[in-house]
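Before any comments, here is the structure.
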Amino acid sequence: MWYSFGMVMKTRSRAAPVAPREANGDAAGALGRLLKPLDPSHDQPLYLQVQRVLRTAIEQRAIGHEDALPPERDLAADLAVSRITVRKAIDGLVKEGLLVSRRGSGNFVRARVEKNFAMLTSFSEDMRARGRTPRSTWLRRSEGTVTPEEALVLRLSPGTPVFRFHRLRFADDAPMSVEYVTIVAGCLPSMAAVEDSIYAALERVGNRPVRALQRLRALLLSDAHAQLLEAREGDAGLLVERIGFLHDGRAVEFAQSYYRGDTYDFVAELSVP
Ligand code: GLP
């Protein structure tokens, strides 16, 4: 079965370092063990069995995130099913968002981003650190005064001016999060000072947050958010809320970011108090 794994390695995207085959012997072996002829007399339809095998291969990292799947004809041969069955299984996983189909280059495992929950970094920095290109589309930007919720969260008096930035954020071409950020207007020279990165704009005027409180909550994606994130209504999502503070303790930002549940892993390093 090594040739299937060889295919995976050759077609790895530029974001993931290509490790020598020997170093991945375990993964190659794991994939080989999983890609065995299926049982046609099993209760479950064959395409669902193929999906189960592929899901397991991804969960066990026998096929890494961003790797290409072996070609459909190889999968069909290894699993002893027809190519139509393989295609039906893959189409289902593409609809689920576990795989991405790229015309002319094959089917890839959708990448997950691992984010250190304890680092006060920006979305742009996080994506660049992973070799991805950050990009945003503006959904709305406006200026106004604090809402009662913002006033409470940011500890501001009613009537304090703020800027609001509402963006859909991408890593390369994959939508990652829908983000609503409120910045205290006094911390930026103007709303137009924000181009690609809010933190870069704040940093230019010495107002980048140096401390933050962050909260993560699981939720089901609303129809509106699901459409923007190319997911389905009711899919698992994550809401990350951040309140950022300046050196002197004043709050500078309140951000709410809605992520697809299957694109982000939040990790934190823990130590004994
Ligand atoms: C992350 C944070 C937000 C912050 C944003 C800034 O997404 N959760 O709180 O506002 O990064 O990102 P950028 O500087 O790329 O605009």
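The values are calculated or read from the model by the stated rules, or taken from the named source; none is laboratory data. Since the model is a prediction, treat every value here as computed from it, not as a measurement. Note: ideal-geometry Cβ built from the backbone for every residue, glycine included; neighbour counts use all protein chains shown. Remember, those area values only see protein heavy atoms, side chains included, never the ligands or the DNA or RNA. Shrake-Rupley method; radii C 1.70, N 1.55, O 1.52, S 1.80 Å.
Overview of values
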item: Rounded FRET efficiency, nearest 0.05, which uses the C-beta distance separating Leu213 from Arg140 and R0 of 22 Å; result: 0.30
item: For the chain: relative contact order, % (alpha-carbon pairs under 8 angstrom, 6 or more apart); result: 14
item: Point-charge dipole on Cβ atoms (K/R +1, D/E -1) for segment 141-233, about Cα centre, debye to 20; result: 440
item: Check: the chain dipole with +1 on Lys, Arg Cβ and -1 on Asp, Glu Cβ, in debye; result: 400
item: Spacing of the two label points (7 Å from each Cα toward its C-beta) at Ala129 and Glu269, in nm; result: 1.1
item: Whole-Hz couplings from phi, Karplus 6.51/-1.76/1.60, listed for segment 162-179; x for Gly and Pro; result: 9, 10, 10, 10, 10, 9, 9, 10, 10, 10, 6, 9, 8, x, 10, 8, 9, 10
item: Per residue value of the accessible surface for the chain (all protein chains in place, 1.4 Å probe), Å²; result: 53
item: As computed over the chain, the Cα convex hull volume per residue (Å³); result: 165
item: Built amide H within the under 5 Å cut-off of Thr145, gap 5+; result: Val162
item: Between 0 and 90°, nearest 10: helix 25-34 axis offset from the chain longest Cα axis; result: 60
item: Compactness of segment 97-150 as Cα Rg over 2.2 N^0.38 Å, two decimals; result: 1.69
item: Over the chain: helical MRE at 222 nm, DSSP H runs n ≥ 4 each giving -39500 (n - 2.57), nearest 500; result: -8500 deg cm²/dmol
item: Percent carbon-and-sulfur accessible area, the chain, ignoring ligands, DNA and RNA, probe 1.4 Å; result: 53
item: Full-extension gain in nm, Ser82 to Thr56, via 0.36 nm per residue minus C-alpha separation; result: 7.3 nm
